[in-house]
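Everything below concerns the one structure shown next.
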Amino acid sequence: MQITLVYKDEQSNKFWKVERRDSKLVIHFGKVDTAGRMQVKEFASAEACEAEAEKLIRAKLKKGYKPLTCSMQVMKDSTMSEDLFWELIKKAKTKIDVDEQMEWLRSTLAKRSEKDIFRFDQLLNQHFDQSYTSSLWAAAYIVMGGCSDDCFDYFRAWLLYQGKDIYYKAIESPETMISVLQPLEVEGYAPQLEELLAVACEAYEEKTGLDNDYYYDKYDQFDPMWYDEQDLDLDWDEDDEDGLQMRFPVLWNRYWNNHLEY
């Protein structure tokens, strides 16, 4: 494990880097663009060392340090802009079906640079995280007749795939997504797209022949906090059907009642 954090304000521009080597922590810190200073701490076990590293990282983040991310290490060399990210999704959707769309997106990314692939994945994660809301989860629960953690992830990926405008409108007002939802009666229909979450990793594997473990190890080097889970307190109860119906009456009447019939 190796993570670099930076802190910058009007008076300071400094870095702090921690690297775990088995049961040993190696810490570098100082002003940006200098060698800085080094500290080495030894622990009784690798687990204790890992726990201390995580504790130190949390403390630095609370003080205002930020991860040294793609925006500093990769973005300057990448041509994958946010506009291009959304444009690729839009172009993929012109293909015949979802399988062909995902194959086109994978192969298109595989033809680009490794940095572009990483940048695409980072943009996807950044946008994806913004849809992790209690309100949207309640809406997904109604639409699909129940919604686990994984199911909500795949639902949010599907929603993101509908495009930027639809995605962000639905985050603010979930019932607006009814314009892109199909009727429940459509055979085999489920608004989920798990494949989108792995498309960059698969593109990297297609490009390099290296497996997903290698990809995520390398991705961690420039976006180390991407996997952090957010805390989410749900402001609804799945047993409170009246409350859910009042909250999203359009979705409820179209989907929940139909689920009871199937």
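The values are calculated or read from the model by the stated rules, or taken from the named source; none is laboratory data. In this text, all values refer to a predicted model and were calculated from it rather than measured experimentally. Methodologically, a virtual Cβ is constructed for each residue, glycine included, from the backbone with ideal geometry; neighbour enumeration extends over all protein chains shown. Areas reflect the complete protein model, heavy atoms only, side chains present, ligands, DNA and RNA absent. Shrake-Rupley method; radii C 1.70, N 1.55, O 1.52, S 1.80 Å.
The residues listed here are 104, 158; of these, the one that is touching a Leu at 6+ places or on another chain (Cβ under 6 Å), open to solvent by 20 Å² or more (accessible area, probe 1.4 Å) and in the same structural domain as residue 231 (by the TED database) is 158.
Across region 189-205, what is the total count of residues that are of a type in the set (D, E, K, R) and touching a Lys or Arg at 6+ places or on another chain (Cβ under 6 Å)?
Of the residues in region 189-205, the ones of a type in the set (D, E, K, R) are 194-195, 202, 205.
Remaining after also requiring touching a Lys or Arg at 6+ places or on another chain (Cβ under 6 Å): 202.
Total satisfying the criteria: 1.
Flag: residue 14 matches the condition of being touching a Phe, Trp or Tyr at 6+ places or on another chain (Cβ under 7 Å), more than 26 Å from residue 217 (Cβ to Cβ) and either open to solvent by less than 50 Å² (accessible area, probe 1.4 Å) or in contact (Cβ under 8 Å) with a residue 12 or more places away in the chain (or both). Say whether the condition of being under 23 Å from residue 219 (Cβ atoms), open to solvent by 30 Å² or more (accessible area, probe 1.4 Å) and part of a strand (DSSP E or B) is met by at least one residue in region 21-30. Within region 21-30, one or more residues are under 23 Å from residue 219 (Cβ atoms), open to solvent by 30 Å² or more (accessible area, probe 1.4 Å) and part of a strand (DSSP E or B).
Residues in region 166-180 that are surrounded by fewer than 17 Cβ atoms within 10 Å (Cβ to Cβ), under 23 Å from residue 97 (Cβ atoms) and either without any contact (Cβ under 8 Å) to a residue 60 or more places away in the chain or not assigned by the TED database to the domain that holds residue 84 (or both): 166, 179, 180. Here 44, 92 are screened, and the one residue that is modelled with pLDDT of 85 or more and surrounded by 11 or more Cβ atoms within 10 Å (Cβ to Cβ) is 92.
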